[in-house]
Structures are given as C-alpha cells and as structure tokens.
Amino acid sequence: MEDPCEVCREYLVEPVLVLHPYTVVKCLRCGFIYVIPRPGLPDLESIYEESYFTGQGPYGYKPGENYLYDDTRLGIFVERIATIERYRKPPGFMVDVGCANGFSLRAARDRGWECIGIDISEFAVNFARERYGLNVIRGTLRQVALGDASVDVLTMWDFIEHVPSPREECMEANRIVKPGGILALSTPDADAPNPSPESCDPAKAAFWQADPPEHLQYFNASTISRLLADTGFHVVNLIFFGKGDRREGAMEVYAVKGG
C-alpha cells in the first residue's frame, strides 16, 4: 500500500494524471494533490546538479536562465526577510533549508541574523560556500540534526513541494524551532490558474502544474494551513502572487510555533 496522504493521513485517492512512472493523485478526503511513488533521496540528489540551476538540463530552470548569478532575485528575499521581521526581529538564529545558492542567507546576513543553510545539492552547497562565504551544510534537515528548540526562524523557500514527506519536514521543524519562533515557506498554489493555457503541454491538461519528479507535492491554502496546524504551527500571514509579479502562481506562508 502507498503511504497515506501527507495532510490528512487517509489512503483514499483518485488518479488525476499519469506521467509514467509517476501518477498524480488527489486525496478524496482533504483534496491534497501529490505524486506516487515517491522517489528516494539518491534519485532526488541526481536532479539538483549544476545543470538544474543553469537551465542546461532536463529539470530546473529554463534554457537561458541562470539562477546562480541572477541577483535580480535577491530583492524577493529581502522582502521575505522584512516580512519575517514583522513577527521576529534580529538578532537570532535563522536556518534556510533548501538554500540553493544562498539568496535568502545573504539577505538575512545583511540584516544581522546568524544563519546557516542546508541543501542536498553538493554543487549548490559548494557554490554558496565558495562564492559568498556562507555557512552551508550538505544534507537533509533531519541529517543535520539541530538541537531541540534551537532555531528562531526556519525558512523553506520553494522547498516543500520537492520533498517526499512534507509532514516529516514540518515535524522536524517543530522540534528545532523555539516556541513562538517562525516557520516561513513558499510553494506553488495548486489552485492558481494557468498563466499560459495556450502553451500548456497536452499531456498535462488534467493538471497543468504536474512536474514530477521535480515537484512531488501540490498545496493550496487549505492543505498547507492544515498540515502546519497539525504539526504545531499557526499561520499568521498567507500571501498570494498574481499577474505582473515574478512569483505569479505562488504563495508565501508565515507561521508561528505554538507553545
């Protein structure tokens, strides 16, 4: 039997789309959309190589894009840190999981945060260390094994949709974030309309966002709020992005740990 729904823990699903060897399914109880089967860590590590970030491979950024050197994106992370500081101000300890080349770490460091990054990509970790002098650790959040209640702010920008088990990530977040601390994340909104329906891949007509094995989880406001509540976080701010914004079709979620 496949693992249960990450949000409600039920096993009742209906297929939405088949993209062999993956099937996109929808939970009949809570509406969460996700991919089965789940790839393992070695399979995921093989995706996030240099070509992913430079637009030269089968996954990741489009040809002609180069995420690594695109400092026009830095302003997005400056805005995100400013939003976090509405609820928690520096000094403090901030951890960015899925940090890639370190945009968020750079923005946080400039604001006076002590910060570290975590990523499974060997290439991204080395790039962030060597180019920007950032403190970045290769591995998963669980592998790094930070201390209980040791983190003031944990960020997961464009991360939670990539992992096999968002629930496990949020449970680990609850363990390491201090009571009253912040969990901030961004992810595509599964309810967002297709901004370019005329160019949609016909194979994805049933669900235009389907993109396995890169994206494995598809949240909307309801399902992400429910998962966070179930793992000990209260959503205090939910921001959506529409036409004209670089983040069109995404949402940012800011939550406080209870207790």
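Of note:
- Just one of the listed residues (Arg29, Arg88, Arg73) is in contact with an Asp or Glu (Cβ under 9 Å, 6 or more places away or on another chain) and under 26 Å from Arg111 (Cβ atoms), namely Arg88.
- Answer from Val95, Val16, Val35, Val25 - the residue that is in contact with a His (Cβ under 9 Å, 6 or more places away or on another chain) and either assigned to a loop (DSSP other than H, G, I, E, B) or in contact (Cβ under 8 Å) with a residue 12 or more places away in the chain (or both): Val35
- Scope the stretch 40-62; condition touching a residue at least 24 places away in the same chain (Cβ under 8 Å), of a type outside the set (D, E, K, R), crowded, with 17+ Cβ neighbours inside 10 Å and not in a helix (DSSP H, G or I); matching residues: Tyr48, Gly60
- Search result, residues across the stretch 231-259 that are surrounded by fewer than 16 Cβ atoms within 10 Å (Cβ to Cβ) and at pLDDT 95 or above: His234, Val236, Asn237, Leu238, Ile239, Phe240
- Against the test of being surrounded by 14 or more Cβ atoms within 10 Å (Cβ to Cβ), in contact (Cβ under 8 Å) with a residue 24 or more places away in the chain, in contact with a strand residue (DSSP E or B) (Cβ under 9 Å, 6 or more places away or on another chain) and under 15 Å from Asp158 (Cβ atoms), the options Ala107, Ala100 yield a single qualifying residue, Ala100.
- The lone exception for Gly112 - which of (1) part of a loop (DSSP other than H, G, I, E, B); (2) farther than 19 Å from Lys257 by Cβ; (3) in contact with a helix residue (DSSP H, G or I) (Cβ under 9 Å, 6 or more places away or on another chain); (4) small (Gly, Ala, Ser) it fails: (3)
- Applying the criterion of being in a loop (DSSP other than H, G, I, E, B) and touching a residue at least 60 places away in the same chain (Cβ under 8 Å) to the residues of the stretch 175-210, the residue that is farthest from Leu146 (Cα to Cα) is Ala206.
- The condition of being touching a Lys or Arg at 6+ places or on another chain (Cβ under 6 Å) and modelled with pLDDT of 95 or more holds for only one of Ile81, Ile76, that being Ile81.
The values are calculated or read from the model by the stated rules, or taken from the named source; none is laboratory data. All figures in this text were calculated on a predicted structure; none of them were measured in a lab. Note that each Cβ is placed from the backbone with ideal geometry, even for glycine, and that neighbours are counted across all protein chains shown.
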